[in-house]
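None of the figures in this text is laboratory data; all of them are computed from the coordinates on show. Predicted model, so just to flag it, every value in this text is computed and none were measured. Here the Cβ is made from the backbone with ideal geometry for all residues, glycine too, and neighbour counts use every protein chain on show.
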Amino acid sequence: MEEKITIAVLEGTTRAQRRSIMASHYVAEFGRTLPGVEIIFVDPNDFNFPGDGNDPEGKDPRYTEITARADAFFIVTPEYNHSFPGSLKRMLDSELANYNHKPVAFAGVSDGNWGGTRAVESLVPAIRETGLVVLAWDVFFPRVQDIFDESGTMKPEFEARYAKNLHKLYDELIWMARLFKQARKV
Ligand SMILES: Cc1cc2nc3c(=O)[nH]c(=O)nc-3n(C[C@H](O)[C@H](O)[C@H](O)COP(=O)(O)O)c2cc1C
C-alpha cells in the first residue's frame, strides 16, 4: 500500500468578510475525498504570527509542526491590489527549512473576471525562494460570489468543471509529493 500523503491547504487571508474561504474549504474537502490523502486545513485566523520573519518570535509552533508534517501544500489566495495578502506572506515567511523540496499547488480567487491570476503569478517568485516546488498549472475562482451560494456550497452548474480541474491538479501534486518524499529520504 502506498504511503499516506499529508497536504496542508492554506487559506490566504484573515479578512473578516473573506469569500476565498469558500474556495479553500472546497479545495480541502475535495482533497479529503482522495484515497491515501490527509488534509490539514490552515486558517491564518487560527494562528498567531507576532512578527515578521522566521526567528522564534515570528513563528507559531503549531504552524511549524504542520509544515514539518506536510508533504505538500495547496495555497488558496485572493488577489489584493494585484498581489497576494500580507497575512499570507507573513505566514509563509515564518518558516523556511520545512518547505524545502516539497511541491505546492495554487488556487486564485477574486470577485472579478481575472480569478486571482495576478496574485498567483506574484506568489511564484516568492515561493521559489522558499524551496517549495511550483506546479505547471493552477485553479482559479473568478467571480467567486457567483460560484458558491450563501452557505458556501458550490452551485451545481460549476461542480463538473471544478471537480475535473481540481482532480488533475491534485493528481499532479500527489504524484510530486510521493516522488519528493522518497527523494528526501536519500
Ligand atoms: C484589499 C483588497 C484588495 C483587492 N484587490 C483586488 C485586485 O487587485 N484584483 C481583484 O480582482 N480583486 C481585488 N479585490 C477583491 C477580491 O477579489 C475579493 O474580495 C474576493 O472576494 C476575494 O477576496 P476575499 O477572500 O478577501 O473575499 C481586493 C480586495 C481587497 C480586500
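Approximating the spin labels as points 7 Å out from Cα along Cα→Cβ, the N81-to-E159 distance works out to 4.0 nm. Length gained on full extension, E129 to R32, computed as 0.36 nm times the residue gap minus the Cα-Cα distance: 32.0 nm. Pairs exceeding 26 Å between alpha-carbon atoms, taken from K59/K168; K4/K155; K59/K181; K4/K185: K59/K168; K4/K155.
Which net charge results for the neighbourhood of I7, defined as the other residues with beta-carbon distances under 9 angstrom from its beta-carbon, given Lys and Arg at +1 and Asp and Glu at -1? Each step should come with its number before you reach the end.
Working: positive: none; negative: E38, D71.
Value of the local net charge: -2.
Considering the options A136, N165, W175, tell which one lies farthest towards the positive end of the dipole of region 108-186, charges being +1 on Lys and Arg and -1 on Asp and Glu at the Cβ, about the Cα centre. In region 108-186, that residue is W175.
For the chain, what value does the Rg/Rh ratio take when both radii are computed over Cα atoms and Rh is the Kirkwood radius, given to two decimals?
Working: Rg = 15.6 Å, Rh = 16.5 Å.
Taking Rg over the Kirkwood Rh, I get 0.94.
Bridge orientation summary for the chain: considering DSSP beta bridges with both residues in this region, about 10 percent are antiparallel.
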